[in-house]
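The values are calculated or read from the model by the stated rules, or taken from the named source; none is laboratory data. Predicted model, so just to flag it, every value in this text is computed and none were measured. Every residue, glycine among them, receives a Cβ derived from its backbone with ideal geometry; neighbour counts consider all protein chains shown. Heavy atoms of the whole protein, side chains included, go into the accessibility calculation; ligands, DNA and RNA do not. Shrake-Rupley method; radii C 1.70, N 1.55, O 1.52, S 1.80 Å.
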Amino acid sequence: MIKIPNILIFKILFLFFVAVSSSLMAQVTGGRHTFSFLELSPSARATALGGTQIAVRDDEVAFAALNPAAANPLMSGRLAFNHNFYMTDIQHGYAAYAHALKKTGFTLHGGIQYTDYGEIPQADETGVITGKVTAKETALIVGGARQLSDRLSLGLNFKWAASTLDVYNAHALAADAGLLYADTARRYSIGLVLRNAGAQINTYNGVREDLPFDIQLAYSKRLKYLPFRFTIIAHQLQQWDVRFNDPALKRAEFLSFTGEEQDESGSPVVDNFFRHLIFNGEFLLGKHEGFRLRFGYNHLRKRELSVNDYRSLAGFSAGVGVKVSRFRVDFGYSVHHLAGGVIHLGIGTNLREFF
């Protein structure tokens, strides 16, 4: 195996963090972002787990798109396709492949993420329909990871994104940096990732906007006497206050242990704290963990997409994974709103089993 000095890897990571810090200085707190489709869940499994999973290292190729440090030799040869039936007629998906380089110790992966917003009517200033508008976005993702020690791995992803909105076009370059510490003896792991750090190459109409940068930290623990793993994920750590203060809403529910409706302004710290957290769990059942049950809860999604004075399951998600012969089939469903949810399907296999 060709050994790459760890000091060189840390230097690369340090330079990346410096670039990230520079981009943060230019960001506007609470502002809107462009290329928001980069935040969408890449797989049915991640959708069922609340939208992300950055602290698990197994053969799930899509996890490397969420935390590049999750890429590992177990993914080598795996090919996965995931398609997301999003709201209305919006279509979103992710296809990826991973390969391990034994001589260098790197595991590389590549994928394409696409979003098609369907047919949008085009109208003139009087409201007369004159045609249809094309709206599509695509991102190419390449990355890799390397073990720094038996427990610690480092990974980097690089993304090129393109967006077409009618006659307007925009492109962007972004990167992810991640660390993953996995203690197999104690059955826990910790993941840290900086996602979507970058900038637009060219803009839609001369207006430069920020990418959806996100700092995430997660803790995952597998129980000793039960085939179950739970994870707590903290996201949007680069910004403490993620609430939207709407003066039109005088009263709203927030997470409380009593279940009683209370004035949100009475406990902004508690509500804001839980908006940073995603909780999920996964039952790993059967021989070779061939059957899996998953669920998740995203409190930020719950608070932002709930309708005032109406109870709903917004923010909750669930799914199942089944291994059938050489294929693994996954299903994920996430409740976004009273109007409906997101259906995510995935299928994957290891090409090495066929050749």
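For segment 258-355, the set of GluC sites (Glu not before Pro) satisfying both a DSSP loop assignment and a count of at most 16 other C-beta atoms within 10 Å is given as Glu260, Glu261.
Among the chymotrypsin sites (Phe, Trp or Tyr not before Pro) in segment 302-347, those located in a DSSP loop and surrounded by at most 11 other Cβ atoms within 10 Å of their own Cβ are Tyr310.
Would you work out if segment 154-227 is rounded, prolate or oblate? Take a ≥ b ≥ c from the square roots of the eigenvalues of the alpha-carbon gyration tensor; rounded if a/c is under 1.5, else prolate when a/b is larger than b/c, oblate otherwise. Taking the square roots of the gyration eigenvalues as a ≥ b ≥ c, segment 154-227 is prolate. The protection proxy used here, the mean number of other Cβ atoms lying within 10 Å of each residue, ranks peptides 44-50, 199-205 as follows, highest first: 44-50, 199-205. Prolate is the label for segment 67-138. Its Cα gyration tensor axes, ordered a ≥ b ≥ c, give a/c of at least 1.5 and a/b above b/c.
Each of Met75, Met87 has its accessible area taken with a 1.4 Å probe; listed largest first, they run Met87, Met75. Highest mean packing comes first when the peptides 60-73, 177-190 are listed by Cβ atoms within 10 Å, giving 60-73, 177-190. Most tightly packed first, judged by the mean number of other beta-carbon atoms within 10 Å of their residues, the peptides 108-115, 342-349 read 342-349, 108-115.
Residue ranking by accessible heavy-atom surface, 1.4 Å probe, largest first, among Ile120, Ile215, Ile278 comes out as Ile120, Ile215, Ile278. Approximating the spin labels as points 7 Å out from Cα along Cα→Cβ, the Asn169-to-Thr184 distance works out to 4.8 nm.
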